[in-house]
Structure formats: structure tokens, C-alpha cells
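To keep things clear, I will list the structure first and then write my remarks on it.
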Amino acid sequence: MNLKALSAEFIGTFMLTGSVLGAAFYSFGAPSGAAGILGVALSIGITVMVLARSIGHISGGHYNPAVTLGLVAGGRFPIGDAVPYIVAQSLGAIAATAVFAVIGNAPASYAANGYGDLSMIKAGLGSVFLIEALLTAFFLIVIMGSTRASAPAGFAPLSIGLTLTAIHLMSIPVSNTSVNPARSLGPALFAGGEYLGQVWLFWVAPILGAVVGAIIYRWLDE
């Protein structure tokens, strides 16, 4: 396994998680006015866009265990490399959460994901599972279509980043938006309690959605 690729996945997931946490922790209470959900959505979308442009070529720019496994299902990534990628991504997310814990003023939830009483709109387990799986499937369809060999060069980061922005605008009130198991793991470890108890859903639903989305795209593009 390429150490540089694993390092790029660690750094990318660190920055992705940091973009969510920084915006979520501080933008709602900014003295000049809250950026709110739009601020968080734009923060992660822009971050993923620039990561894909700057270091995406080193590792493929997954930064997300669901994306890695979806690309395996889509025939775009070797299954033997998946576990090291997922470990690097998870460590990156945990490290980012640790940095914000040191910076301070983090909410008790650490912007973790949740359902039931932990959802902004009190969405139940079934609703949260469904939206996480569907939106991750949609995300994989966009990723695979944007990175196909015949796609216009240079536009993949734009379409992927904008899609992630739209996903967050749609689902932050429902699940606080995961579509990324590593992003969910870091905050859940620091929040503990019910958040940690619910983190399983934010691994199972995005991974299931990613695999289904990749299979759908392969069928569409045959």
C-alpha cells in the first residue's frame, strides 16, 4: 500500500471533518450573525472541491469509507486496498475532532449524527436510515459519472463539491448529515453516550447506499 496515498486520505478526511465541525461549532453563534445550515453546507462542499483539485490525484480523493467501498462495488478500486484506506480516513476524522476539542467551545454533541431525540426534527431511525442511504447512493452516482474516462477534464471536483453541499442542505435537519462513516465516528467518540450508541447507523446506511449507487451507475453506463 502506498504510504503517500494513505497520508493523503488521512489529511483529506481530517480537513473534511474539520470543515464540518468548525462551521457547526462556531458559525451559529458568530458575532456578525449565524451562518447556520447554509454555512456548514458551503464549508464542506468547498473543502471537498479544493481537496479534490489539490491532493485528490495522490489517493483518488475518497476521504470517506462509504465512497471507498462504493468504488470497490463499482469496479473502480481494488478491494485489497479498502481496509487501509478506511483506517486512514477514520484516524483523520478522529484527529480533526480532537483538535477542535482542544480549541474549545465545542457543543456536548460534537456535531455528531443521530436519530430520534438526537435529530433536529426528531426524525426516527427509519427516516434517518433512508435519507442517509439514498443520499449516499446519489453521491456515488455523481462521483462515478463525474470521474468516468470520457468526462470533461477538470469538472469532477466542482460537481462532487456542489453535490455534497446540496446533500447537507437537504439532510442536516434530519440526521445532521453523515453520508460518511468516518465523519460520524470522530464526533461520536468524543460525544459518547447515545451518540456513540447510534453511530452504527451512520456506517451501515451510507455504506449500503454507496454500494447500491455504484451498482446502479454501472448498470446505467453499460
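The values are calculated or read from the model by the stated rules, or taken from the named source; none is laboratory data. Worth saying up front: this structure is predicted, and the values here are computed from it rather than measured. So basically every Cβ, Gly included, is an ideal-geometry build from the backbone, and we count neighbours across all protein chains shown.
From the list Leu6, Leu38, which one is at pLDDT 95 or above and either of a type in the set (Val, Ile, Thr) or part of a helix (DSSP H, G or I) (or both)? Steps first, please.
On the way: Leu38 fails: at pLDDT 95 or above.
From the options Leu6, Leu38, the qualifying one is Leu6.
Let me spell it out: the conditions are (1) part of a loop (DSSP other than H, G, I, E, B); (2) among the hydroxyl-bearing types (Ser, Thr, Tyr); (3) farther than 23 Å from Leu51 by Cα, and Ser150 meets all of them except one. Which number is the exception?
Only one criterion is unmet by Ser150, namely (3).
Considering the stretch 1-42 alone, what residues qualify as being of a type in the set (S, T, N, Q) and buried (at least 17 other Cβ atoms within 10 Å of the Cβ)? Steps first, answer last, please.
Here is the first cut: in the stretch 1-42, the residues of a type in the set (S, T, N, Q) are 2, 7, 13, 17, 19, 27, 32.
Residues satisfying the conditions are Thr13, Thr17, Ser19, Ser27.
Count, please, the residues in the stretch 43-83 that happen to be surrounded by fewer than 19 Cβ atoms within 10 Å (Cβ to Cβ), part of a helix (DSSP H, G or I) and in contact (Cβ under 8 Å) with a residue 40 or more places away in the chain.
Result for the stretch 43-83: 5.
Just the residues that are over 19 Å from the mean Cα position of the chain (by Cα) and not aromatic (Phe, Trp, Tyr), please, taken from the stretch 28-46.
Restricting attention to the stretch 28-46, the residues satisfying the condition of being over 19 Å from the mean Cα position of the chain (by Cα) are 28-35.
Result: Gly29, Ala30, Pro31, Ser32, Gly33, Ala34, Ala35.
Specify the residue that is modelled with the highest pLDDT; the eligible residues are those in the stretch 84-112 that are more than 21 Å from Phe10 (Cα to Cα) and crowded, with 16+ Cβ neighbours inside 10 Å. Talk me through it step by step, then tell me what you get.
Of the residues in the stretch 84-112, the ones more than 21 Å from Phe10 (Cα to Cα) are 104-109.
Within this subset, residues satisfying the condition of being crowded, with 16+ Cβ neighbours inside 10 Å are 106, 109.
Working: Ala106: 89, Ser109: 94.
Taking the candidates together, the pick is Ser109.
Name every residue in the stretch 176-222 that is surrounded by 24 or more Cβ atoms within 10 Å (Cβ to Cβ) and over 20 Å from Ala93 (Cβ atoms), in order of residue number.
Gly213, Ala214
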